[in-house]
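The values are calculated or read from the model by the stated rules, or taken from the named source; none is laboratory data. Everything numeric in this text was worked out from a predicted model, so none of it was measured. Every residue, glycine as well, gets a Cβ built from its backbone with ideal geometry; the counts of neighbours run over all protein chains shown.
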Amino acid sequence: MIAVILGTRPEIIKMSPVIRALGKKDFFILHTGQHYSYRMDRIFFRELSLPSPKYNLGVGSGTHGSQTGRMLQGIEDVLLDEKPDTVLVQGDTNTVLAGALAATKLRINTGHVEAGLRSYDMSMPEEKNRIVADHISNVLFAPTRDAVKTLKKENVRGKVFLTGNTVVDAVKQHLSLVDSVNGEDYLLVTVHREENTDDPSRLAGILKGLREVSRRFDKRIIYPMHPRTGKTIERHGLQKLLHSINGLEVTEPVSYLPFLSLQAGASLVLTDSGGVQEEACILGVPCVTLRENTERPETVEVHANVLAGTDPKRILHATGKMLSTRRKWRNPFGDGKAGHRIAKIIKSYS
C-alpha cells in the first residue's frame, strides 16, 4: 500500500500524473489541508479527475512550527492505522517535511518526488524543507540531470532515479482540457512567496516595477492576487501604488485549468513561483522571475527565464528583454512520462 501525502495545489497538480499511473488500487491520498480552502481543493480534484483524499487533516494556516507539528501528529496517526509500505511526497512544502519525517521515523519507505532542487538560499523555508526531505528519504526522483548531480554531491543516503519532471506530464495531460486564449495581448503576474508578500519594501518594488512596465508597454496586466498579498498591500498603504499600474486587472485566485489557459495565452509571465517558471518554459512563454535566485536554473540556461529580483529597473529591463526573445527553446524537464516511471519504481518498493 502506498500513501500519497500532499497539501497544496501545486502538489496536487504535480502528483496527478503519478496518481493516474498508480492505477485504482493499492494507494490512498492523505491531504494535510496546508492550502486550507476546502472548496478550492475539491474543485482541483474534480477538475483533474482525481480520486478524493481518503483523509483530510484540515491543518490550515499557522506558524511554521505549529503547522508542521499538527501535520506530524495527524500524518503519524494515519500511518499507524493504515500501515502503508511506502509514502510519497512531492516538492518542498511543510507538508513534504512533515510527511517525510513521520514516515521515516516509523521506518516506512519514503519517496521524494522532485528531489535535488536547490536555490542555495537558506533564508527560504522551502530550501530547508527540500534538503531535509532529500536526506531522509529512501527513494529520490530527480527531475533533471543537474538535480541528480546535486544529490550525488551531497551524498544522500537514498537511491536516486532520473525520471524527468511530472510538471511536463501535467501540462501535456491537462492542456487539452482548457480553452485556449486567442487574439489577446497581456502579461500574467503571480506573487505568493513569503519573502515577497510579507515584506512591504520588496512588494512595493514589484508593484513599482509593474508600473514601469505598464508605462513602457501597452499591454493588459492580469494579476490573480494571493489573499496574503492583498492583506500586505492594505496593511502598509500600497493601494495607491497598485492603482497606478496602467491596464492592471486584479482578479481572485483562479483554479488550475483556467490558470493554465492564462499562461498559455500570455505574452510574458512575471512570477516568483517555481512551478510557474517550469510551466511557462514548457508552454513556450517567456518568464521574468521576481526573485534573486531559482531552484529551476534550467529555465535560465535555455533562455526561457531571467532573474529580476524586486528592483523596478531590473524588472523593466528583464521584461523588455524577454518580450523580444525568440520563443524557441529546448524543454529541459523531460518527455512527459515521469509519472509512469515514478509509479513503476515506487511499486517495486511496496
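The table below gives the values:
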read-out: Residue that is nearest to T144 (Cα to Cα) [pool: residues in segment 85-110 that are in contact (Cβ under 8 Å) with a residue 60 or more places away in the chain and among the polar types (S, T, N, Q)]; value: Q90
read-out: Selected residue (only one of T310, T299, T319 is part of a helix (DSSP H, G or I) and closer than 21 Å to R211 by Cα); value: T319
read-out: Out of A280, A308, sole residue that is over 30 Å from A21 (Cβ atoms) and buried (at least 19 other Cβ atoms within 10 Å of the Cβ); value: A308
read-out: V302, sole failed condition from (1) in the same structural domain as D199 (by TED's automatic domain parsing); (2) in contact with a His (Cβ under 8 Å, 6 or more places away or on another chain); (3) not basic (K, R); value: (2)
read-out: Residues of segment 322-347 that turn out to be in contact (Cβ under 8 Å) with a residue 40 or more places away in the chain, part of a loop (DSSP other than H, G, I, E, B) and either closer than 24 Å to L88 by Cα or not basic (K, R) (or both), as a count; value: 8
read-out: Hits in segment 310-338 - residues which are of a type in the set (S, T, N, Q) and touching a helix residue (DSSP H, G or I) at 6+ places or on another chain (Cβ under 8 Å); value: T310, T319, N331
read-out: Selected residue (criterion: modelled with the lowest pLDDT) from residues of segment 181-212 that are within 18 Å of the chain's Cα centre (by Cα) and among the acidic types (D, E); value: E194
read-out: Residue ID - farthest from I5 (Cα to Cα), chosen from residues in segment 43-76 that are of a type in the set (D, E, K, R) and surrounded by 13 or more Cβ atoms within 10 Å (Cβ to Cβ); value: E47
read-out: Residues located in segment 233-261, provided they are assigned to a helix (DSSP H, G or I), surrounded by fewer than 20 Cβ atoms within 10 Å (Cβ to Cβ) and in contact (Cβ under 8 Å) with a residue 40 or more places away in the chain; value: L257, P258, S261
read-out: Inter-residue pairs, beta-carbon under 6 Å, first outside any strand (DSSP E or B) and in segment 219-232, second buried (at least 20 other Cβ atoms within 10 Å of the Cβ) and not small (G, A, S), 6+ apart; value: K219/L187; R228/T197; T229/V191; T229/T197; T232/T197; T232/L203
read-out: Flag for I29 being in contact (Cβ under 8 Å) with a residue 12 or more places away in the chain, among the β-branched types (V, I, T) and under 19 Å from S137 (Cα atoms); value: yes
read-out: Every residue from segment 66-85 that is of a type outside the set (S, T, Y) and either closer than 22 Å to I19 by Cβ or within 21 Å of the chain's Cα centre (by Cα) (or both); value: Q67, M71, G74, I75, V78, L79, D81, E82, K83, P84, D85
read-out: Subset of segment 127-163 [polar (S, T, N, Q) and within 15 Å of R341 (Cβ to Cβ)]; value: T144, T163
read-out: Flag for V300 being closer than 22 Å to R228 by Cα and either under 17 Å from the mean Cα position of the chain (by Cα) or modelled with pLDDT of 95 or more (or both); value: no
read-out: Test: residue in segment 321-329 that is within 20 Å of the chain's Cα centre (by Cα) and either among the polar types (S, T, N, Q) or surrounded by fewer than 22 Cβ atoms within 10 Å (Cβ to Cβ) (or both); value: no
read-out: Hits in segment 77-91 (condition: of a type outside the set (A, V, I, L, M), surrounded by fewer than 24 Cβ atoms within 10 Å (Cβ to Cβ) and not in a strand (DSSP E or B)); value: D77, D81, E82, K83, P84, D85
read-out: Residue identified as crowded, with 24+ Cβ neighbours inside 10 Å and not assigned by TED's automatic domain parsing to the domain that holds T319 among N109, N138, N94, N129; value: N94
read-out: Sole residue being modelled with pLDDT under 95 and either of a type in the set (A, V, I, L, M, F, W, C) or over 23 Å from H192 (Cα atoms) (or both), chosen from I136, I43; value: I43
